[in-house]
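Visitor: Here you go, one structure.
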Amino acid sequence: MATLKRDSRLTSWQSTLCGGLAGVLSRSATAPLDVVKILTQVGTFHSKQGFLNAFPVLYRQEGLKAFWKGNLTACVRLFPYSAVQLTAYHKLTVMFMDDLGQIRQWQAIVAGSVAGMLAAVVIYPTDVVKTRLIVQNSMAPTYRGLVHTLCCVYYQEGFRSLYRGVSLSILGAVPFSAGLFFMNMSLDKIWQVPGARLSPVQNFINGCFAAGVAQTLSFPFETVKRKMQVVPYFGLMFTMFEGSKRFFLYRNGYIVSPLSNQLTPGVDQSLGPRELEELRKFLRHKNFANRNPSLKS
């Protein structure tokens, strides 16, 4: 998953929810590509005639639902992934900040890489589960969901099986997260518009292009088919993330509408959500006191 930039105008749970929702929607939309990609990587009979021919073969053998095998597990894992990644990234950026609250670009890239690596390690067993669920025949399944698969792998193959191949995942997460964060940050400057004011189309283009470059950097740890799946996934994810972020910015009072980038007049955008709410309470109390002179006596 991408290193999505945290906005200080959102609370921690709002940032995590935005990242999780963006991941769930984009993951579900690109699930058929992911399923066929994994079947091709593993080398099942579906892919003997090539990547594109695997789609009709899978449909004939297992039906339409087969294209979303393992999707629920993949979606469930996105929320803890987002939580770990965003929390680690926030802690690291605070640690790197100077006395003026500034952080250098290379430090932000390091923070993004380490955060992506930690998140990959924490949720890696669910990636193993997702792969097992996708590879099995959905018409005669061996595993029945996330918990059942975890238990079967653990008791039948041991704890180490849940982390088989994790080293490659860690090594791939570093250049991918670093490249994705760097490109997304650089592309914002190309538009010559503040990142918070980019349109959904601009966010989609940013996500696609950034993911393509980042995937190339981590190419030794992936396969060619992985690139085919990731570009549309991250384009959708960045678009969904920005859309849900705007909803919370509107709810918190920073913008006039969730469909617009127009800032709310008179609102200090540097204030955090709690600070802004406290300021509003103070102003409401002050206005109420001014309208009731008897309260002053």
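The values are calculated or read from the model by the stated rules, or taken from the named source; none is laboratory data. Bear in mind the structure is a predicted one, so any value in this text is a computation, not a measurement. Every residue, glycine among them, receives a Cβ derived from its backbone with ideal geometry; neighbour counts consider all protein chains shown. Protein only, heavy atoms only, side chains kept; ligands, DNA and RNA dropped before computing areas. Shrake-Rupley method; radii C 1.70, N 1.55, O 1.52, S 1.80 Å.
Visitor: Work out, step by step, the length gained on full extension between Glu275 and Trp13: first 0.36 nm times the residue separation, then minus their alpha carbon distance; give nm to one decimal.
Guide: Length gained, Glu275 through Trp13: 92.7 nm.
Visitor: Determine the per residue accessible area of the stretch 2-149 with all protein chains present and a 1.4 angstrom probe, expressed in square angstrom.
Guide: I get 47 Å² per residue for the stretch 2-149.
Visitor: Compute the distance in nm between two label points, each set 7 Å from the Cα along the Cα-to-Cβ direction, one at Ser28 and one at Leu100.
Guide: So the label points at Ser28 and Leu100 sit 4.6 nm apart.
Visitor: State the percentage of accessible surface on the stretch 73-131 attributable to carbon and sulfur atoms; use a 1.4 Å probe and exclude ligands, DNA and RNA.
Guide: Looking at the stretch 73-131 in its full context, I get 67 percent from C and S.
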